[in-house]
1. Which order do the peptides 5-14, 34-43 take when ranked by the mean count of other beta-carbon atoms within 10 Å per residue, highest first?
2. Tell me, in nm to one decimal, what length is gained between THR81 and PHE36 on full extension, where the rule is 0.36 nm per residue of separation less the Cα-Cα distance?
3. Within the chain, what whole-number % of the accessible surface is contributed by carbon and sulfur, with the 1.4 Å probe and all protein chains included in the calculation?
4. Using the Kirkwood radius over C-alpha pairs as Rh, can you work out the diffusion coefficient of the chain via Stokes-Einstein at 25 °C, viscosity 0.890 mPa s, in µm² per second?
5. So for the chain, averaging the separation of alpha carbon pairs under 8 Å that are six or more residues apart and normalising by length, what relative contact order in percent results?
6. What accessible area per residue, rounded to a whole number of Å², is obtained for the chain using a probe radius of 1.4 Å?
7. Just add up the charged neighbours of MET37: K/R +1, D/E -1, any other residue whose Cβ is under 12 Å from the Cβ of MET37.
Amino acid sequence: MAMLDLGTGVNIVNILLLLGVLFIYLKGFKKVRSGFMVGLILFAVLLLAQNIVAVYFQTQMISYYTEDVAFFGLILSVIETIALIILLWLASR
């Protein structure tokens, strides 16, 4: 299940990117204290939770995944990684 392992790795990268985004948002919240920043923090936390659950499912329910499902999951994870890289870049400016 090489495709599933690759997908799990991409999701772990997403977790690290989201931790970076969350750190930037929390730092910004200390300065601004606005409802918008709270919304951004909640967004990042929920997306982080989704990725943690995805890694858990991929590692604990490996027998239920086929190569086709793993391939499509990998595509979605890579798209999310690209989006998170852009988000982290924009948030850090």
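1. Descending mean neighbour count gives 5-14, 34-43.
2. On the way: separation 45, 0.36 × 45 = 16.20 nm, distance 2.34 nm.
Extra length available between THR81 and PHE36 comes to 13.9 nm.
3. Values: 4660 of 6120 Å².
Accessible surface attributable to carbon and sulfur in the chain totals 76 percent.
4. 176
5. Details: 72 pairs, mean separation 50.7, N = 93.
Relative contact order here is 55 percent.
6. Numbers: 6120 Å² over 93 residues.
Spelled out: the 1.4 Å probe surface of the chain, per residue, equals 66 Å².
7. Numbers: positive: LYS27, LYS30, LYS31, ARG33; negative: none.
Charge balance near MET37 sits at +4.
The values are calculated or read from the model by the stated rules, or taken from the named source; none is laboratory data. It should be emphasised that the depicted structure is a prediction, and the values quoted were computed from it without experimental measurement. FYI the Cβ positions are ideal-geometry reconstructions off the backbone, even for glycines, and counts take in every protein chain you see. When the accessible area is computed, the model is the full protein with side chains, heavy atoms only, and any ligands, DNA or RNA have been set aside. Shrake-Rupley method; radii C 1.70, N 1.55, O 1.52, S 1.80 Å.
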